[in-house]
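K.L.:
Structure in structure tokens, see below.
The values are calculated or read from the model by the stated rules, or taken from the named source; none is laboratory data. Owing to the predicted nature of the structure, the values given are computational and were not obtained by experimental measurement. Every residue, glycine as well, gets a Cβ built from its backbone with ideal geometry; the counts of neighbours run over all protein chains shown. When the accessible area is computed, the model is the full protein with side chains, heavy atoms only, and any ligands, DNA or RNA have been set aside. Shrake-Rupley method; radii C 1.70, N 1.55, O 1.52, S 1.80 Å.
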Amino acid sequence: MPQLPAPAYPAEVRARLEADAKEVIARYPDSRSALLPLLHLVQSEEGYVSRTGMAFCAELLGLTTAEVTAVATFYTMYRRRAGGDYQVGVCTNTLCAVMGGDAIFDRLKEHLGVGNDETTEDGKITLEHIECNAACDFAPVVMVNWEFFDNQTPESATHLVDELIAGRTVEPTRGAPLCSYKETARILAGFPDERPGAVEASGGAGPASLIGLRLAKGEEPHPRVVAPRGERPRGARLHDPSPSEHLSSHDAPQQTSASDPDHPSGPTAEEGE
């Protein structure tokens, strides 16, 4: 249904946001490029990107509200409705799921009494499943306001949300200390994190992430998990798959277009014929 125009920010709020927005816009040669950080800025004000926030961004950048809405609805880091102080994201992509991410997510849904992208009644926690946290070597991974909590279990994740609800200090496995969702949004808008020690806090990647760098430096790689094609690990038995079983690349040699004259991959006629 058609909606009335979005209400404007109160005068004092608009003045403060406008001063911050002009600082952000000045960083870019084309003002349109400032849209992503400006969306984080308005999210830091209300905890989500409201229609008022989108109208504010459109006005300052000379865009239509449709253009701003298209961007705000594309990226999942922008909320479309009010949420909790802590965004708890459970990775349920392939590796995390296999390692227990699905079990963690199911446990938290039951424990908190909410579904995906829903917020607890006390307004403390918004739970969501995330497709990838880009930390596969620490799977399964949970993120709280985009800070890492690695190698989680259903029990540790339950304890984590209980501590957040109780208001107790929780330390991420890596990265800066936790702050509220609104404070996180302001940092993502490009404003400095002025908390003592927050900038210095960091965490390195795990061995699985660094194997490529080790190889590039000529360091000794880890032992192979899969034997080279045509070889078998000592003590391993030959595998004779059934006709219904899927053949992987490790069941080589298989017929290929180059070795199977009955099924060539290239053109059968000379060029021009």
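K.L.:
If a residue must be open to solvent by 20 Å² or more (accessible area, probe 1.4 Å), in a strand (DSSP E or B) and among the hydrophobic types (A, V, I, L, M, F, W, C), how many such residues does region 115-136 contain?
P.N.:
1
K.L.:
Something else now. State all residues of region 1-13 that are open to solvent by 100 Å² or more (accessible area, probe 1.4 Å) and either in contact with a Leu (Cβ under 7 Å, 6 or more places away or on another chain) or of a type in the set (A, V, I, L, M, F, W, C) (or both); if no residue qualifies, say none.
P.N.:
Residues of region 1-13 that are open to solvent by 100 Å² or more (accessible area, probe 1.4 Å), as a first pass: 1-5, 12.
Within region 1-13, Met1, Leu4 meet the criteria.
K.L.:
Next up: Scanning for something farther than 15 Å from Trp146 by Cβ, outside any helix (DSSP H, G or I) and not charged (D, E, K, R), does region 51-59 turn up at least one residue? Explain how you work it out, then say what you get.
P.N.:
First, pick out the residues of region 51-59 that are farther than 15 Å from Trp146 by Cβ: 51-59.
From what's left, outside any helix (DSSP H, G or I): none.
Scanning region 51-59, I find no residue that is farther than 15 Å from Trp146 by Cβ, outside any helix (DSSP H, G or I) and not charged (D, E, K, R), so the answer is no.
K.L.:
Let me ask another. Considering only residues that are closer than 18 Å to Asn133 by Cα and among the small types (Gly, Ala, Ser), look in region 157-185 and name the one that is modelled with the lowest pLDDT.
P.N.:
Within region 157-185, the match that is modelled with the lowest pLDDT is Gly175.
K.L.:
Select from region 74-114 the residues that are open to solvent by less than 80 Å² (accessible area, probe 1.4 Å), in a loop (DSSP other than H, G, I, E, B) and not charged (D, E, K, R) and list them in ascending order.
P.N.:
Of everything in region 74-114, those that are open to solvent by less than 80 Å² (accessible area, probe 1.4 Å), in a loop (DSSP other than H, G, I, E, B) and not charged (D, E, K, R) turn out to be Met77, Tyr78, Ala82, Gly83, Gly84, Thr92, Asn93, Gly113, Val114.
K.L.:
Here are Arg16, Arg27, Arg32: which of them is among the basic types (Lys, Arg), open to solvent by 70 Å² or more (accessible area, probe 1.4 Å) and either outside any helix (DSSP H, G or I) or in contact with a strand residue (DSSP E or B) (Cβ under 7 Å, 6 or more places away or on another chain) (or both)? Before the answer, list the steps.
P.N.:
Details: Arg16 fails: either outside any helix (DSSP H, G or I) or in contact with a strand residue (DSSP E or B) (Cβ under 7 Å, 6 or more places away or on another chain) (or both); Arg32 fails: either outside any helix (DSSP H, G or I) or in contact with a strand residue (DSSP E or B) (Cβ under 7 Å, 6 or more places away or on another chain) (or both).
Selected residue: Arg27, the only one of Arg16, Arg27, Arg32 that is among the basic types (Lys, Arg), open to solvent by 70 Å² or more (accessible area, probe 1.4 Å) and either outside any helix (DSSP H, G or I) or in contact with a strand residue (DSSP E or B) (Cβ under 7 Å, 6 or more places away or on another chain) (or both).
K.L.:
Looking for whichever is assigned to a loop (DSSP other than H, G, I, E, B), among the small types (Gly, Ala, Ser) and modelled with pLDDT of 90 or more here; the options are Gly190, Gly218. Which one fits?
P.N.:
Numbers: Gly218 fails: modelled with pLDDT of 90 or more.
Of the residues listed, the single one that is assigned to a loop (DSSP other than H, G, I, E, B), among the small types (Gly, Ala, Ser) and modelled with pLDDT of 90 or more is Gly190.
K.L.:
Which of the residues belonging to region 62-72 are open to solvent by less than 20 Å² (accessible area, probe 1.4 Å) and either modelled with pLDDT of 95 or more or β-branched (Val, Ile, Thr) (or both)? Step through it out loud before you land on a result.
P.N.:
Step one: filter region 62-72 for residues open to solvent by less than 20 Å² (accessible area, probe 1.4 Å), giving 68, 72.
Within region 62-72, just Val68 meets the criteria.
To keep it simple, each residue is scored yes or no on (1) among the acidic types (Asp, Glu); (2) open to solvent by 40 Å² or more (accessible area, probe 1.4 Å); (3) not in a helix (DSSP H, G or I).
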site	(1), (2), (3)
Met143	no, no, yes
Phe148	no, yes, yes
Leu160	no, no, no
Glu194	yes, yes, yes
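K.L.:
Oh, and also: Of all residues in region 166-189, which are free of Cβ contacts under 8 Å to residues at least 40 places away in the same chain, open to solvent by 80 Å² or more (accessible area, probe 1.4 Å) and among the basic types (Lys, Arg)?
P.N.:
Once the filter is applied, which keeps residues that are free of Cβ contacts under 8 Å to residues at least 40 places away in the same chain, open to solvent by 80 Å² or more (accessible area, probe 1.4 Å) and among the basic types (Lys, Arg), region 166-189 yields only Arg168.
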